[in-house]
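Chemist: Quick one: the structure is below, questions incoming.
The values are calculated or read from the model by the stated rules, or taken from the named source; none is laboratory data. Treat the numbers as computed from the prediction; the structure is a model and nothing was measured. Counting neighbours? That spans all protein chains shown, and the Cβs are built from the backbone with ideal geometry, glycine included. Areas reflect the complete protein model, heavy atoms only, side chains present, ligands, DNA and RNA absent. Shrake-Rupley method; radii C 1.70, N 1.55, O 1.52, S 1.80 Å.
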Amino acid sequence: MSKKATFLPLNLSLSPFLLLLLYLLTLSAVVVHGVQEKKILSVHNNIWSLTKSNEPSSSCLSHNLAKGRESSSTTLGMKHRGLCSGKTIDWGKKLRRALTLDNLRVQSLQLRIKSMSSTTTDSISETQLPLTSGVKLETLNYIITVELGGKNMTLIVDTGSDLTWVQCQPCKSCYNQQGPLYDPSVSSSYKTVLCNSSTCQDLVAATSNLDRCGGSNGVEKTTCDYVVSYGDGSYTRGDLGSESIQLGDTKVENFVFGCGRSNKGLFGGASGLMGLGRSSVSLVYQTMKTFNGVFSYCLPSLEDGASGSLSFGDYKNSTSVSYTPLVQNPQLRSFYILNLTGATIGGVELESPSFGRGIIIDSGTVITRLPPSIYKAVKTEFLKQFTGFSSAPGYSILDTCFNLTSYEDVSIPTIKMIFQGDAVLEVDVTGVFYYVNPDASLVCLAFASLSYENEVGIIGNYQQKNQRVIYDTKQEKLGIAGENCSI
């Protein structure tokens with residue numbers, strides 16, 4: 001009893017101290033947790049101060065990087081287009097212009113989505129195909145080089161478009177591109193797709209192109225014509241053909257593509273566009289037997305000027321892939337849609353009535369667009385955690401900006417997007433801020449709000465950097481894995 005009598009008073013006398021100690025330990029744990037939910041950004045470690053692209057255009061040709069374990073997979077190098085021109089670059093001007101053009105693109109995309117969701121057919125000639133992501137941008141999109149009929153063609157990679165096309169000779173009206181135009185007359189493997197063929201009818205069914213086999217002035221058409229129109233007045237017009245296409249070590253025969261005879265727009269010197277959408281005319285569908293409907297990409301951080309990669313077929317190198325189902329929407333059949341169920345800033349969970357809705361993931365759109373309620377939650381929590389820095393005026397679509405010129409390194413909260421099945425995309429540290437001014441005098445949170453709550457959100461390529469994004473169209477799922485994409 002004596003031991004018990006002496007022990008109890010001691011325990012009670014120390015309880016306030018123990019409570020205080022427990023409280024301090026709890027605070028310490030919160031601080032440690034906060035540190036774990038932040039990352040360090042080197043403010044001035046980027047390519048924006050360069051006046052020239054760091055590589056000649058010839059070095060930007062894609063090469064086979066890694067043959068898959070099976071013959072049905074191949075990996076190609078993928079470059080950021082701005083690093084391949086060999087020209088003098090005013091990065092400040094390009095970065096600011098990119099925001100303006102990206103805004104126009106997204107506005108047009110929302111109009112396109114409304115048109116696809118509508119039961120009316122008004123103005124169908126202006127929305128022949130899903131609006132192509134990134135074609136209006138001169139800076140922030142990615143290119144791949146393939147062999148078409150034995151000739152190198154540099155294409156903009158686009159998951160928001162179906163038809164692959166290049167500029168062709170003879171060309172009635174073409175924009176300036178680096179390298180020669182594709183000339184079907186000198187290729188022994190090129191074939192014209194006839195207007196009355198099943199392939200041409202597939203184009204009509206998959207892309208809402210009008211059936212143009214009627215001809216004019218009593219002359220029946222033989223070629224299968226196509227038109228792709230964009231919201232800013234950009235377009236490509238031409239006829240379908242088939243040709244061999246070389247993807248790394250894999251050669252695909254009778255690949256159907258668009259031979260553009262009249263093309264206009266800010267395509268940045270690329271030969272054309274690679275359509276990786278979901279319809280039957282896309283490259284993904286046409287190579288289904290070879291690659292099983294699977295492709296993936298890893299977009300490098302632009303700040304280090306490195307190459308990323310585009311893979312076709314099963315990708316074996318990522319060990320910690322989390323998958324989320326692709327949402328089925330017959331009205332938006334060309335797009336890859338995910339179910340965004342939540343998000344965290346610095347480990348703090350956000351709340352919004354718009355979580356649980358579909359959001360498009362796109363390789364061409366630059367800045368991620370969120371419904372107003374989600375964006376407000378992101379902005380509010382980010383400003384709570386990113387404190388003590390000089391604010392700066394907003395610019396264009398970006399309204400949360402800072403002046404970071406006096407800092408070498410800053411600690412920024414982590415941003416995570418959570419999808420159905422608990423798949424997580426943790427935004428790379430280089431994808432949190434957008435440099436409006438290369439000297440960091442105007443650096444903005446790289447997210448923007450949509451105009452209306454019922455508009456469809458878009459995950460842009462700026463937030464996909466240093467992630468392996470795996471599209472499995474056969475099993476209808478998308479995989480995400482953190483990966484150092486620089487090669």
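Chemist: Compute the separation of the alpha-carbon centres of segment 408-443 and segment 356-371 and state it in Å as a whole number.
Modeler: What the calculation gives is 15 Å, centre to centre.
Chemist: For segment 319-482, what's the relative contact order in percent, using C-alpha pairs closer than 8 Å and at least 6 residues apart? Each step should come with its number before you reach the end.
Modeler: Values: 348 pairs, mean separation 52.6, N = 164.
So the answer I get is 32 percent.
Chemist: Using R₀ = 60 Å, calculate the FRET efficiency as 1/(1 + (r/R₀)^6) where r is the Cβ-Cβ separation of Ser173 and Val348; round to 0.05.
Modeler: 0.65
Chemist: Using the heavy atoms of the protein chains and a 1.4 angstrom probe, tell me the accessible area per residue for segment 238-291 in square angstrom. If you can, show how the numbers build up before the last one.
Modeler: Numbers: 1570 Å² over 54 residues.
Per-residue value: 29 Å².
Chemist: Here is a follow-up. Please list, short to long, the whole-number percent of alpha-carbon pairs of segment 319-482 in consecutive 5 angstrom bins beginning at zero.
Modeler: Here the calculated profile for segment 319-482 is 2, 9, 17, 23, 20, 14, 9, 5, 2, 0, 0.
Chemist: Using a 10 Å cut-off on Cβ atoms, rank the peptides 269-275, 453-459, 182-188, 334-340 from the highest mean neighbour count down. If you can, show how the numbers build up before the last one.
Modeler: Numbers: 269-275: 26.4, 453-459: 19.1, 182-188: 14.4, 334-340: 23.0.
Ranking the peptides 269-275, 453-459, 182-188, 334-340 by packing returns 269-275, 334-340, 453-459, 182-188.
Chemist: Ok, one more. Can you compute the charge dipole magnitude of segment 319-482 about its Cα centre, using +1 on each Lys and Arg Cβ and -1 on each Asp and Glu Cβ, nothing else charged? Give it in debye, rounded to the nearest 20. Intermediate results must be reported in sequence, preceding the final value.
Modeler: Details: 11 positive and 15 negative charges, 74 e Å.
The calculated dipole for segment 319-482 is roughly 360 debye.
Chemist: Dipole of segment 382-487 (Lys/Arg Cβ +1, Asp/Glu Cβ -1, origin at the Cα centre): which of Ser451, Ala481, Val436 lies farthest to the positive side?
Modeler: Ala481
Chemist: Which value in nm describes the separation of the simple spin-label points at Asp439 and Ser373, placed 7 Å from the Cα toward the beta carbon?
Modeler: 4.3 nm
Chemist: How big is the accessible area of Lys474 in square angstrom, nearest 10, if you roll a 1.4 angstrom probe over the protein chains?
Modeler: It works out to around 130 Å².
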